[in-house]
Amino acid sequence: MMSKEDGWISPKIIIGSGATGDYYYERELIEDEIWREILKGNNILISAPRRVGKTSVMKSITNNPKKGYKMIFENIQGINTEIMFYKTLYELILKCLSKFATNKEKIKNYFKQIGLTEISATSLKFEGKTLDYVYEINKILPQLDQEGEVIVLLIDELPEVLHTLHKSGKNEEAISILKNLRHWRQEEDYKMLKFVIAGSIGIHHVVNQVDGRTSDINDIKSIDCPALDNEQFDDYLNWAVKDASIVFDKTSTMYFKDKIQYFVPYYINLMLDEMDKSAMISQEKNIMSNDIDNAFNKIMKDNSYFTDWKKRLKDYLKPEDFSFVNQVLIKTSHEDDITAQDLYDMAVKANKTEDYMDLVYDLVHDGYLYNDNDKYRFISPFLKQYWLRTNPIYKA
């Protein structure tokens, strides 16, 4: 519920973790598109830049399943071995099977065979048996009615797991995961197992890094999860501050839009949180342009909100690739935009003329830049200011 202090009511926002319940702003069009593809029998990749709300959408779908579908969500970011990945997948499948209305006798007998004694939302208990998780998945699923109930695993941060394996010298394990996932998606014996995959880094870049090609994921239906548009921003703001103490009029709403430009709930919520805290102290409920400026400036003084954007690039790119894209971002922050000729000239200097545009396209896909008439600009003033603040001196 909304927080109250001496009668003050804060906006309906949450920062950091995926929003659920009353704090989730429904992305109806995206959820409907995902469900249309699930009902067709497709596996799905939610394709979107960072911080647009993919995780919140996945959790909402999980919490509102359609009849005949057993949904379960898992963020697998911390997994660092192939065995741990298969173990997690297997346990998610067992949790779904325990809720099946059909195939009950087969499932019950199978649970006895593997020594499963207890199952809950958070844990499974076995009678001291060591299991081969891939073998067990391949064993139980083909026994079940492939035209009956469907298991949908909503897996967040798969690209990060693959990259972690690749970076730690376990590339063969990452390739094996990709091959098994493709096997389960394509074979008729596993029709009742579907995947919805997402991650905060581009999966195509990571798969290409791991396997040298992207054919192992070209069967997955990609669905975009974009930032809010102009009209959706208005609706989101009205939804977030409905019944709250702070008030926006048309002028302050327009100024808010102009200030942040890129309408993702995370950025909107950061601003609303700062404005709300300041207004609660001053007891001035009407938000003005200077309140919006002050909130922006205060957020920019705290680098912790944005350091991860740079860290991700450094972690996921080879040193020479990171050096190139970082210089691109520094130049763009100082000069407002960067042209195709600028990019080529920088690529020549960095000896990267063969693949430099792939790196630029990744910056676009992952929510750093956008293309404006063959010029590239920061998509968010927050990121532009972050690169300026952390690189105040630039020599062209």
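The values are calculated or read from the model by the stated rules, or taken from the named source; none is laboratory data. On a predicted model such as this, the values are computed, not experimentally measured, just so you know. With ideal geometry, Cβ positions are generated from the backbone for all residues, glycine too; neighbour counts draw on all protein chains shown.
Some values worked out for this structure:
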{"read-out": "Residue in segment 28-35 that is farther than 26 Å from L383 by Cα, buried (at least 21 other Cβ atoms within 10 Å of the Cβ) and under 20 Å from the mean Cα position of the chain (by Cα) present", "value": "yes"}
{"read-out": "One residue from I46, I15, I61 being farther than 30 Å from I175 by Cβ, within 15 Å of the chain's Cα centre (by Cα) and either β-branched (V, I, T) or outside any loop (DSSP other than H, G, I, E, B) (or both)", "value": "I15"}
{"read-out": "Candidate set: segment 188-226, residues that are closer than 13 Å to I46 by Cα and either small (G, A, S) or over 19 Å from the mean Cα position of the chain (by Cα) (or both); chosen: the one modelled with the lowest pLDDT", "value": "S200"}
{"read-out": "Residues that are over 18 Å from V196 (Cα atoms) and within 24 Å of the chain's Cα centre (by Cα), drawn from segment 88-111", "value": "none"}
{"read-out": "Given (1) out of contact with any strand residue (DSSP E or B) (no Cβ under 9 Å at 6 or more places or on another chain); (2) surrounded by 19 or more Cβ atoms within 10 Å (Cβ to Cβ); (3) over 22 Å from K311 (Cα atoms), index of the condition L153 fails", "value": "(1)"}
{"read-out": "Some residue of segment 170-184 being modelled with pLDDT of 95 or more, outside any helix (DSSP H, G or I) and not assigned by TED's automatic domain parsing to the domain that holds L359", "value": "yes"}
{"read-out": "Flag if L154 is modelled with pLDDT of 95 or more and closer than 25 Å to I114 by Cα", "value": "yes"}
{"read-out": "Qualifying residue in segment 13-35 (condition: touching a Cys at 6+ places or on another chain (Cβ under 9 Å), among the aliphatic types (A, V, I, L, M) and closer than 28 Å to S245 by Cα)", "value": "no"}
{"read-out": "Qualifying positions in segment 24-43 - free of Cβ contacts under 8 Å to residues at least 40 places away in the same chain and not in a helix (DSSP H, G or I)", "value": "Y24, E26"}
{"read-out": "Every residue from segment 142-169 that is in a loop (DSSP other than H, G, I, E, B) and either of a type in the set (D, E, K, R) or farther than 15 Å from N42 by Cα (or both)", "value": "L144, D145, E147, G148, E149, E157, S168, G169"}
{"read-out": "Odd one out for D258 among (1) in contact (Cβ under 8 Å) with a residue 24 or more places away in the chain; (2) within 17 Å of Q385 (Cβ to Cβ); (3) of a type outside the set (V, I, T); (4) outside any loop (DSSP other than H, G, I, E, B)", "value": "(1)"}
